[in-house]
Amino acid sequence: MQDTDDTDLAMIRLLRADGRMSNAALAQAIGLSPSACLRRLRLLEHRGVIRGYTALVGDPSPRDGVVVIVQITLERQTDEHLKRFEAAVRGCPEVRECYLMTGIADYLVRVEARDAADYERIHKEALSRMPGVARIQSSFAIRTVIRGS
């Protein structure tokens, strides 16, 4: 986020708290005219600092499904192996988040499933068949304590 000043950072902080904030309210909160605020907002979007806006939906309740945190280790960590795995994981609709990691596992993946049997299916039919996967370690979440925006 190079070339961002305090005003840009204030805009980002406010939009993280309320992504639906109107431009007029955002402008008033940071002390700019609406047109200047909108110009800055469009520039942040153009530079890729703000990559999009999304709706956060409620956490799944026990009747709605389970969250599984999965550590995946690849056979090799070459650029080609990473790209092939990442392309495959993008095609798995049950994967909600995926991070390339340092440390023991190569990837940390958050999967949402209906129940343990559904996760077993996802593990067997999707995760274990992804290219280059050497090891999968799964942990079922008990409940969400805090969730970022």
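Any read-out appearing in this document is the output of simple, stated calculations on the displayed coordinates, not a laboratory observation. All values reported here derive from a predicted model rather than from experimental measurement. Glycine also receives a Cβ, built like all others from the backbone with ideal geometry; neighbour counts cover every protein chain displayed.
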Quiz item: Based on DSSP H runs of at least 4 residues, each adding -39500 (n - 2.57), what is the mean residue ellipticity at 222 nm of the chain after dividing by all its residues, to the nearest 500 deg cm²/dmol?
Solution: -11000 deg cm²/dmol
Quiz item: Along the charge dipole of the stretch 10-96, Cβ charges K/R +1 and D/E -1, which of M21, Y53, H81 sits furthest on the positive end?
Solution: M21
Quiz prompt | Estimated FRET transfer efficiency when R0 is 22 angstrom, pair E97-R20 (beta carbons, to 0.05) | solution = 0.50
Quiz item: Under a GNM of the chain (C-alpha, springs under 10 Å), which listed residue has the highest mean-square fluctuation: H81, H123, H46?
Solution: H46
Quiz item: Using the alpha-carbon atoms, what tilt in degrees (0 to 90, nearest 10) does helix 34-46 show relative to the longest principal axis of the chain?
Solution: 30
Quiz item: Could you give the length gained on full extension between I136 and H46, defined as 0.36 nm per residue of separation minus the Cα-Cα distance, in nm?
Solution: 28.6 nm
Practice problem: Between G48, G91, G19, find the one with the highest GNM mean-square fluctuation for the chain; connect C-alpha pairs within less than 10 Å. | Solution: G48
Quiz item: Any idea what Rg and Dmax come out to for the stretch 6-46 if you just take the C-alpha atoms, in Å?
Solution: 8.8, 22
Practice problem: Rounded to the nearest 10 degrees, what's the angle between the helix 116-125 long axis and the longest principal axis of the chain, both from Cα atoms, 0 to 90? | Solution: 80
Quiz item: How high is the FRET efficiency from D115 to E80, r the C-beta distance, R0 35 Å, rounded to 0.05?
Solution: 0.45
